[in-house]
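Here the structure comes first, spelled out in structure tokens, and everything after it is commentary.
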Amino acid sequence: MPLLSSIVELLRRERIPYTCFRHVPAYTALEEAAVSHTLERCWAKVVICIADDQPVQAVLQADHIADLEELRRLANADVLRLAGEDEIAVDRCLVGEPEMVFNAGTHTEAICMHYGDFAELAKPVVGAFGRPLAHRDPATHARRRRTSLRVLSTNGMDEVS
């Protein structure tokens with residue numbers, strides 16, 4: 001089953017409101033946020049790591065990079081390296097955001113849902129391991145934000161913010 005179908009099935013089963021939409025192809029979290037007109041702080045990206053042989057999914061804002069040393073401390077691990085998936089850690093910058101948007105397994109589909117619903121479903125460990133990316137060219141960022149957004153489907157919701 002494709003990732004999008006699996007996520008949608010889970011959200012429906014748990015009665016969690018969400019919006020699923022298509023966007024033009026984008027290959028990084030920052031590009032996906034830009035082409036979908038989503039604030040970078042609301043676009044969640046996943047960095048998959050292994051902490052002492054245990055998989056960890058670290059979720060942070062599109063405009064942040066993971067501080068692997070801080071994540072290692074949060075995971076209470078002796079060793080942390082990039083890798084697989086199974087447990088979830090969320091950077092505290094995403095906590096309290098009214099919504100989060102994330103890649104749905106393709107370069108053209110995304111899911112938008114309330115952060116609180118995500119937290120209730122995933123039960124992540126929360127910590128401060130994201131660091132803002134280095135300076136970016138504002139002109140490039142502005143050009144990316146002009147691409148239009150097209151709603152694929154909704155679950156009882158008519159708008160995409």
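A short reminder: the numbers here are calculations on the coordinates, not readings from a lab. Note that the structure is predicted; figures quoted are calculated from it, not measured. A quick note on method: Cβ atoms are made from the backbone with ideal geometry, for glycine too, and the neighbour counts reach across all protein chains shown.
Under the combined filter of DSSP loop state and at most 12 neighbouring Cβ atoms within 10 Å, the range 1-86 retains these trypsin sites (Lys or Arg not before Pro): Arg15. With a Förster radius of 22 Å applied to the beta-carbon distance between Thr106 and Ile48, the computed FRET efficiency rounds to 0.80. In order along the range 92-106, the Karplus-derived 3J(HN,Hα) couplings, from 6.51 cos²θ - 1.76 cosθ + 1.60 at θ = phi - 60°, round to 4, 4, 7, 5, x, 5, x, 8, 9, 10, 8, 4, 9, x, 9 Hz, and Gly and Pro are given as x.
Computed from the C-beta positions of His114 and His37, the FRET efficiency with R₀ = 22 Å rounds to 0.75.
Residues Tyr18, Tyr27, Tyr115, ranked from the fewest to the most other C-beta atoms within 10 Å, line up as Tyr27, Tyr115, Tyr18. A Förster radius of 41 Å combined with the Cβ-Cβ distance from Arg73 to Ser6 puts the calculated FRET efficiency at roughly 0.85.
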